[in-house]
Amino acid sequence: MASCTSPRVRTMKRMCRFFQLDQDACEFLDSLSRRQRSLVVAAVNYHSLIQPGRTLHYRIYMGEKWQYPRLTDTSTLNGSCTENDGREPIGEFDAASTVNAQSEFSPHYFAGDEQLLDHNIRYILLTPDDATDEDVWEHAPNASRAVKLYNELEYRWPVAFDRIREVQREERERKARGEVRLYEPFTVERANANEKNHHPWVEVKPGARVADAPKAVIVAMHWLQAGGAERWGMETIQLAKEAGFLPIVLTDSDGHQPWITDPICDGALVIPLTQPLQYRVGDAPILRALFEQFDIRGIMIHHCQWMYDNAWWVKKYFPDVKIVDSLHIVEYMFRGGFPRESLAHDEWIDLHHVISPQLEHWMEDIHHIPASKVIDAPLVGLTADSEHVSYAERRDPQVLNVAFVGRMSRQKRPDAFILVAKAMEQAAPGKYHFIMHGSGDMDTFTDGLIKRYGLEGVIERRPMSIPVSRTYADADVLLVSSVNEGITLTTIEAISAGIPVLSANVGSQDTLVPPQGLLRRMTSSFIHDAKRSLTHLNDNEADRRKLWEVEKNRLETFSHKQTANSLFRQLLNEWSK
Amino acid sequence: MPSANTATVAAIVVTYNRLEKLKKVLASLEAQTRLPEHLVIVNNASTDDTAAYLTEYEHDFALKDKVRITIVTLPENAGGAGGFSAGMRKGYELGADFVWIFDDDGYPQPTALEKLLEGYDNAVDGLGTDVPYVCSMVKFIDGSISEMNNPIPTWDWGRLQAKGYDNLVMVTACSFVSVLIPRWVMEVFGLPYKEYFIWFDDAEYTRRITQSCPGVEVTDSIVLHDMGVNQGVNYSMVNDKNVWKFSYGARNEGSYHLHHQNVWQYLYFCLVVHNAMRRGNVAMPLRRKIYSQLVKAISFNPKVDFPQQPEA
């Protein structure tokens, strides 16, 4: 197979690659956008790794905005989302796997009893670059009666409805203290003990590592798009590179993966996994392939369920490989979310990195994880310069500017912020100006509520495309209305930008925000407390400054803790020895 | 993935009291243009001179450097089904990528294995990696087609021909006269039911392994079937001499229809058997024997054996 000569694909060669293409394939890849090209390369790398030595034919399709890319799942074998959905390929090519496998990789896979037919073709679905999660949600909204009723109540009577939700939240918090059911790996022994098993499974052991395998770490993430955990995940990719590792970035959740084009991903092997993968009991083909091709020293898990569920496999064959997970907040939805998963998989995790004292307390004191396995290292310094900060004077003595920064999602409770704006406007018309910076799945809801209360002239909405620093520069106080948090990055950013923070008393916000800046959680109480505090800050500039100074001092104390960056730098250095 | 160039093949011959024919089979195997890496001979507790002959054959085996010979002597006659099950298990244990199975009256022509392996690679090119078996064209010793060993073609049997593979026909069921089966098929679908003893074991097994992807007949891989009279069989031909064989057939096929398909298929099969025996004026006592076997099929439902697990 001839090699590529096009400039873009030559650039692509610097990416980690396990296949060979001919000239036509290169030209086709050239015609794609950078994101789409990266997704195709990821898919071809995946299939080349688990089908070593084979030449597979790839058909590439362009999906709708409301779909997600299909790169590695079983639909890439049967074409159910592409060819059998009546689509025409936008290009096709052959790619020969250059993988030098050290153990047997079967071309035969089953989904339950049903054989996944392999016709030597992989059907890859891409999505347009401007596709968003909203496009997907809007295409298939959850229109059940219960959801409609919930949305209606939330929109019509947000304050009263939140009283009910508060009861629900308290119940979830109670449950979060309950015992965690430990994860039971689906081993060959367990599968074979089941009488309904289709056929007895055989354990497939990974082969020896290839000679001169590059030193690598796996960075397992949820997806490659905006989010707190993802920002930290990207930072760890950079730290891994700086420590001399080749980062292997795996994600397990559907998304358009816009950050795959981020320069941080340059030089990394990036594979956004789309589920369900071809897998068999007693074998994790992609991990087996990676462990044969790379000298993997450690794994960093950032909200990646697939990696949690496969951690036992890694520890079984590679007990010396270190596994560290990063956790951000105590979660109450989905029976406890990732912190609960972390506990359920604790047996195979060497270190739990948490970013807030609340999580440390939850893991150590409530769930009795040994203190030596939990380390609190905050994300200070990730988004803000907390060392050289100075107080920001009032922009306009006549108007107090109050900011909300974050996703428009239920967790951030934009409705509570809007209700505060409504209360302030009623109490002192024209004296307060509100900025809502960010977007999310509650955009339509937010706009509707602003319109309904006639607050278009009071609340200014800003999209994520505007730098967040501008909002901090324009604001006099940050109001955090979330129902659940760890320590918000926005709190650190605001204090660093010289403005004080008022926050709902949730998570570990009380680490940085003193009692006079904390507001009760339930919406009605939150509005009451926020109104009182904002009025006080508006009338007493000295107290606004005092609040900021206390918060700044707390941030300084907090910053003296080992930061997440420094902790991971240290870990990576140890792993590289 | 195993392919013709790199694969190891274990030829499996099952024999019972047909020494003269067995000698011809072994001679045909030695004459292959592509020799198998292993030769497994399953002696189904023969009562003639087979055992002595095999000891001598193993001792004087001319191709020792090229082919590893293994004799499996069963403690009692397990029938063709039991013999194939034991032989395929042995082939699996020897680490073979393929087993190539045939009876002691099937004489593979010199290029039979070479063409089968070539045909397997082409079939995989055309259909994907999940091709569960390839089989030879079975001819009678006079060169005409063997009436009772014709594989059943799929509805789209010409698909590979349309792709330019003139010698490949897609099939579902075939008989165990020169069939090449990859290792993964045994792991996933198991071995033939040894409990069938004789008859329908090959039809059930090849149907079982073609649930997702058809098998392929390689028409220029030839095997001659030396079976006395070249004719097909049906239940109008039941007589005193062969009723024992038809009895196994009725029980096994009845069990297959009932337990692997559905009760309607089973009842339809009973009707077909009944009509055939009536048409052939089969004697009443013989008919009753067959009917009792059809009833026996209701409680006869053996479990699949897998080579990766020790024999039950």
Among residues of region A:49-67 being more than 14 Å from chain B (Cβ to nearest Cβ) and buried (at least 21 other Cβ atoms within 10 Å of the Cβ), the residue nearest to A:F291 (Cα to Cα) is A:L49
Here the residues within region B:127-158 that are within 14 Å of chain A (Cβ to nearest Cβ), among the β-branched types (V, I, T) and in contact with a helix residue (DSSP H, G or I) (Cβ under 7 Å, 6 or more places away or on another chain) are B:V131
### Query
Yes or no: B:F306 surrounded by 14 or more Cβ atoms within 10 Å (Cβ to Cβ) and part of a helix (DSSP H, G or I)?
no
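Determine whether region B:296-308 contains at least one residue that is closer than 30 Å to B:R34 by Cβ, aromatic (F, W, Y) and not assigned by TED's automatic domain parsing to the domain that holds B:S178. Give the steps one after another, and end with the answer.
Taking region B:296-308 and keeping what is closer than 30 Å to B:R34 by Cβ, we get B:305-308.
Then drop every residue that is not aromatic (F, W, Y), which leaves B:306.
Still in the running and not assigned by TED's automatic domain parsing to the domain that holds B:S178: B:306.
Looking for residues that are closer than 30 Å to B:R34 by Cβ, aromatic (F, W, Y) and not assigned by TED's automatic domain parsing to the domain that holds B:S178, one finds at least one in region B:296-308, hence yes.
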Query - Flag for A:P206 being crowded, with 24+ Cβ neighbours inside 10 Å, at pLDDT 95 or above and more than 14 Å from chain B (Cβ to nearest Cβ) - result: no
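Each row is one residue, and each column tells you yes or no for (1) in contact (Cβ under 8 Å) with a residue 24 or more places away in the chain; (2) over 23 Å from B:G190 (Cβ atoms); (3) surrounded by 15 or more Cβ atoms within 10 Å (Cβ to Cβ).
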{"position": "B:A31", "(1), (2), (3)": "yes, yes, no"}
{"position": "B:P36", "(1), (2), (3)": "yes, no, yes"}
{"position": "B:N44", "(1), (2), (3)": "yes, no, yes"}
{"position": "B:E56", "(1), (2), (3)": "no, yes, no"}
{"position": "B:H59", "(1), (2), (3)": "no, yes, no"}
{"position": "B:L63", "(1), (2), (3)": "yes, yes, no"}
{"position": "B:N77", "(1), (2), (3)": "yes, no, yes"}
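Looking at A:S524, A:S566, which one is in a helix (DSSP H, G or I), small (G, A, S) and closer than 18 Å to A:D376 by Cα? Write out each step before concluding.
Values: A:S524 fails: closer than 18 Å to A:D376 by Cα.
After ruling out the rest, the residue left standing is A:S566.
For region B:159-229, which helices (runs of 4 or more DSSP H) that fit wholly inside it have 1 or more residues that are of a type in the set (A, V, I, L, M) and away from chain A (no Cβ under 14 Å)?
Numbers: elements: B:159-162, B:183-189, B:201-209.
Filter on region B:159-229 gives B:159-162, B:201-209.
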Wholly inside region A:364-452, strands (runs of 3 or more DSSP E) that include 3 or more residues that are closer than 23 Å to A:Q562 by Cα are A:374-376
Quiz item: Is region A:100-121 home to any residue that is under 30 Å from the mean Cα position of the chain (by Cα) and under 19 Å from A:R410 (Cα atoms)?
Solution: no
Does region B:16-29 contain any residue that is under 20 Å from B:G95 (Cβ atoms) and in contact (Cβ under 8 Å) with a residue 40 or more places away in the chain? yes
For region A:69-92, pairs from a residue that is under 25 Å from A:V270 (Cβ atoms) and not assigned by TED's automatic domain parsing to the domain that holds A:L250 to a residue that is part of a loop (DSSP other than H, G, I, E, B) and basic (K, R), with Cβ under 9 Å and 6 or more apart or across chains, are A:G79/A:R87; A:C81/A:R87
Just to be sure before I move on: is A:A220 farther than 16 Å from A:Y317 by Cβ, in a loop (DSSP other than H, G, I, E, B), aliphatic (A, V, I, L, M) and away from chain B (no Cβ under 14 Å) in the structure I sent?
no
With the first residue restricted to region B:138-160 and required to be closer than 19 Å to B:S178 by Cβ and not assigned by TED's automatic domain parsing to the domain that holds B:K21, and the second required to be β-branched (V, I, T) and crowded, with 16+ Cβ neighbours inside 10 Å, Cβ contacts under 8 Å at 6 or more apart or on different chains are none
Given the conditions (1) within 30 Å of A:P500 (Cβ to Cβ); (2) of a type outside the set (V, I, T); (3) surrounded by 20 or more Cβ atoms within 10 Å (Cβ to Cβ), every one holds for A:R394 apart from (3)
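Here's a check for you: in region B:230-263, which residue that is of a type in the set (V, I, T) and in contact (Cβ under 8 Å) with a residue 12 or more places away in the chain is nearest to the other protein chains (Cβ to nearest Cβ)?
Let us first name the residues in region B:230-263 that are of a type in the set (V, I, T), namely B:233, B:238, B:243, B:263.
Of the ones still in play, those that are also in contact (Cβ under 8 Å) with a residue 12 or more places away in the chain are B:233, B:238, B:243.
On the way: B:V233: 32, B:V238: 36, B:V243: 36 Å.
Filtering first and then ranking leaves B:V233.
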Of A:L117, A:L125, A:L149, the only residue that is in contact with a Gly (Cβ under 8 Å, 6 or more places away or on another chain) and either modelled with pLDDT of 90 or more or exposed (fewer than 14 other Cβ atoms within 10 Å of the Cβ) (or both) is A:L125
Being out of contact with any Phe, Trp or Tyr (no Cβ under 7 Å at 6 or more places or on another chain), hydroxyl-bearing (S, T, Y) and closer than 30 Å to A:N120 by Cβ: is that true of B:T6 here?
yes
Restricted to region A:36-48 and to residues being in contact with a helix residue (DSSP H, G or I) (Cβ under 8 Å, 6 or more places away or on another chain) and more than 14 Å from chain B (Cβ to nearest Cβ), the residue surrounded by the most Cβ atoms within 10 Å (Cβ to Cβ) is A:L39
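Please enumerate the residues belonging to region A:93-133 that are of a type in the set (A, V, I, L, M), touching a helix residue (DSSP H, G or I) at 6+ places or on another chain (Cβ under 7 Å) and within 14 Å of chain B (Cβ to nearest Cβ).
Result: A:V99, A:A101, A:L116, A:L117.
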A careful count of residues in region A:550-561 that are over 16 Å from A:A497 (Cα atoms) and either surrounded by fewer than 14 Cβ atoms within 10 Å (Cβ to Cβ) or free of Cβ contacts under 8 Å to residues at least 40 places away in the same chain (or both) gives 2
Expected output for region B:104-124 (first residue away from chain A (no Cβ under 14 Å) and under 19 Å from B:A31 (Cβ atoms), partner part of a helix (DSSP H, G or I) and among the hydroxyl-bearing types (S, T, Y), Cβ below 7 Å, 6+ apart or cross-chain) is B:Y107/B:S28; B:P108/B:S28
Expected single match for within 29 Å of B:G158 (Cβ to Cβ) and among the aliphatic types (A, V, I, L, M) among B:L117, B:L63, B:L54, B:L94 is B:L117
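The values are calculated or read from the model by the stated rules, or taken from the named source; none is laboratory data. Predicted, not measured: the structure shown is a model, and the values here were computed from it. Every residue, glycine as well, gets a Cβ built from its backbone with ideal geometry; the counts of neighbours run over all protein chains shown.
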